[in-house]
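The values are calculated or read from the model by the stated rules, or taken from the named source; none is laboratory data. Everything numeric here is computed off the predicted structure, so don't read it as measured data. For neighbour counting, all protein chains shown are included, and Cβ atoms are generated from backbone atoms with ideal geometry for every residue, glycine included. Accessible surface is based on the protein model in full, side chains and every heavy atom, while ligands, DNA and RNA are left aside. Shrake-Rupley method; radii C 1.70, N 1.55, O 1.52, S 1.80 Å.
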Amino acid sequence: MKIKRFKIPVILTAFVVTIAIAAASATVALGFFVADSDTIFPNVSAEGINLSGMTIAEANHRLVSGGFERNADAVSVTVNFPDGSGFSISGYEAGFARNAEDAALAAFLHGRDGSFFGNTFSYVRSLRVGTSLNGTSVPVLDEDFVRGTVSLHTRKFNESLIEASSYSFDEYSIIITAGVGFAPANEDSVFYLVAEALYAALREGSRLVVNYTPAVSVLGAFDLNALYNTTRTEPVSAVFNAETLEASESFAGISFDLEAAIAKYATARMGEHIVIPLIFTDPEVTAEYLQGRLFRDELASRTTHVAGTAARLNNVRLAASYIHDVVLGPGDVFSFNETVGRRTAARGFMDAGGFRDGRLVDMIGGGICQVSSTLYDNVLHAYLEVVARRAHTLPIAYLPLGHDAAIYWGVLDLRFRNNTPYPIRIEIELDGRSMTSRFIGTRTNDYVIRIDSYSTAVPFETIERVDESVPYGETIVYFRGANGAIAYTYRVISDAYGNRISRTRIARDVYRAQSRIVLIPPADAQPDYNPT
């Protein structure tokens, strides 16, 4: 009988548990759906534009097409000065336009607090309750633009104010007439007037006009300060123009003694003419001086003989053509690989002998290391800054050891910086098989630079290899071998009278020895037997 008494409650309990498990499962499934979703929750809008179920990109497009970013189209402020001049700034220029991307992202993040169940419950709530997001993109005044515009037009007004007073100048002085008029406009005052008006126009969605009136000034020094600020200019030195390859224009600085001018003005009678002497300051470098020094001197020169096949000569000539007439401005870094580019057959490079992994093999563009090495020799003698350089693994014949620079696309590059205050033009040309490279620039001292190189031989070793084709009792020299070397390179600087100033080690380079290879017969080889 006890079994019958508890049968119904047990069944009900099991039913409730089943329902709870199903609900939990459904909640978890919905949670995973929400977590994987890349769309905005239902019933979410921004500034009245419905974005439900959209991706961020779709919401951005919907906002833009719906005019979300055009909130500042009808907003502007016009400022009038007393002389009739003025300027206008639109709401868009002021930075008041809303940003659709920001709003779309804010709509997507709405309801997503980062937790699994929090996001799920927010999603369920969004199905029943709509959300209108406002202020997702807050207009912020572009202060730099507004201040720049204010500065430009305030300066123009002040210049016209000075010119409106009896103001003139001759070659050496300024002549003004003491009188009455407006004080110069103050940039900060104009800026705050414009900023306040722009925010008011944004709130009203209107175009406002404001008037700026500076204070009326009696006889005093007000115009002299403005005159000083508008007249005073710093001297401008000539610099090298990388586009024209010439010196830019230079200008003398102009100013006057403000304190002396104020003292004169303070004691002047109404209508009296006051002569203010101009002060001229020469620039440190005039255009004439700089132009006369550009590309004036040969800083370094080296000629090498291009040996080898016609293909190697072609590669050297082609690489040199990309470098000839390259100009490096002060501080510029030259890169051989960037200047010459990748060596490919499509660009005209051919297979020729070159070093790879310590061996001489045919490779596309083989031989162009002679160009980079000749340039590096110029760099040493011109005393330029070496940024990147690697010696060859094997000795080269066209330059002293320690004067070479290996090149390999993507691995090895020759880079050097023009550390002089003047531009340098690289000239590199071939006359038959004779290649000459020159650095043309401007000497700033009378130093004599000598590059000394010393090397010690690294003897090759002899390796015997068994070869069945070698007859009994004989040997064959397969490769006769070549010594390697350790090279030390020094830069010696002396003055014009031959007195040594410095001696600096530039590099220590190791060139591999190439083993002598001798082929020998097998140990069990037998002499040929001829019974006759």
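General remarks:
- Positive-end ranking of 287, 339, 313 along the dipole of the stretch 282-379, with charges on Cβ about the Cα centre, is headed by 313.
- Probe 1.4 Å - accessible area at residue 115, Å² to nearest ten: 50
- Once exposed loop trypsin sites (Lys or Arg not before Pro) are cut out (DSSP; at most 14 other Cβ, 10 Å), longest piece of the chain: 1-231
- Dipole moment magnitude, nearest 20 debye, the chain about Cα centre, only Lys, Arg, Asp, Glu C-beta charged: 2560
- When only alpha carbons are used to place a centre, the stretch 441-510 and the stretch 81-130 end up 70 Å from one another.
- Kirkwood hydrodynamic radius of the chain, from inverse mean 1/r over distinct Cα pairs, in Å: 33.6
- List 374, 344, ordered by accessible area with a 1.4 Å probe, largest first: 344, 374
- In the chain, a dipole from Cβ-located charges (positive for Lys and Arg, negative for Asp and Glu) runs towards its positive end, and of 54, 458, 247 it is 54 whose Cα lies farthest in that direction.
- Simple spin-label estimate for residue 347 and residue 39 in nanometres, 7 Å along Cα-Cβ: 5.1
- Only helices reaching 18 angstrom along their own axis (Cα) with mean Kyte-Doolittle hydropathy no lower than 0.5 count here, and for the DSSP H runs of the chain these are 7-36.
- About its Cα centre, the dipole of the stretch 26-96 is roughly 140 debye, where the only charges are +1 on Lys and Arg Cβ and -1 on Asp and Glu Cβ.
- Within the chain, longest stretch free of exposed GluC sites (Glu not before Pro) [DSSP loop, at most 12 other beta carbons within 10 Å]: 285-460
- FRET efficiency for residue 193 and residue 254, using Cβ-Cβ distance with R0 set to 41 Å, rounded to 0.05: 0.85
- Low-density loop positions, chymotrypsin sites (Phe, Trp or Tyr not before Pro), the stretch 434-532 - DSSP coil, at most 10 other Cβ in 10 Å: 497, 529
- Cβ-Cβ distance of residue 78 and residue 124, R₀ of 35 Å, FRET efficiency by 1/(1 + (r/R0)^6): the value works out to about 0.10.
- Taking all protein chains as shown and a probe of 1.4 angstrom, residue 299 keeps an accessible surface of around 20 Å².
- Seen through its C-alpha gyration tensor, with square-root eigenvalues sorted a ≥ b ≥ c, the stretch 284-387 comes out prolate because a/c lies at 1.5 or above while a/b is bigger than b/c.
- Two-site label geometry, residue 475 and residue 245: point separation in nm, points 7 Å out along Cα→Cβ: 6.0
- Size of electric dipole in the stretch 390-483: Cβ of Lys, Arg +1 and of Asp, Glu -1, about Cα centre, debye, nearest 20: 660
- Dividing the Cα radius of gyration of the stretch 392-532 by its Kirkwood radius returns 1.23 for Rg/Rh.
- Taking all protein chains into account, the per residue accessible area for the chain stands at 56 Å² (1.4 Å probe).
- A straight chain from residue 269 to residue 327 at 0.36 nm per residue would run longer than the Cα-Cα distance by 14.8 nm.
- Look at the Cα gyration tensor of the stretch 443-502: its axes a ≥ b ≥ c give a/c of at least 1.5 with a/b over b/c, and that counts as prolate.
- Legend: residues 430, 384, sorted from most to least accessible area (1.4 Å probe; ligands, DNA and RNA excluded), read 430, 384.
- Carbon/sulfur fraction of accessible area - the chain, other protein chains in place, 1.4 Å, %: 54
- Taking the chain and dividing mean pair separation by its residue count, relative contact order in percent (alpha carbons under 8 Å, at least six apart): 10
- Whether the stretch 414-457 is rounded, prolate or oblate, judged on the alpha carbon gyration tensor where a/c under 1.5 counts as rounded: oblate
- Computed label-point distance, nm, for sites residue 501 and residue 409 using a 7 Å Cα→Cβ extension: 4.2
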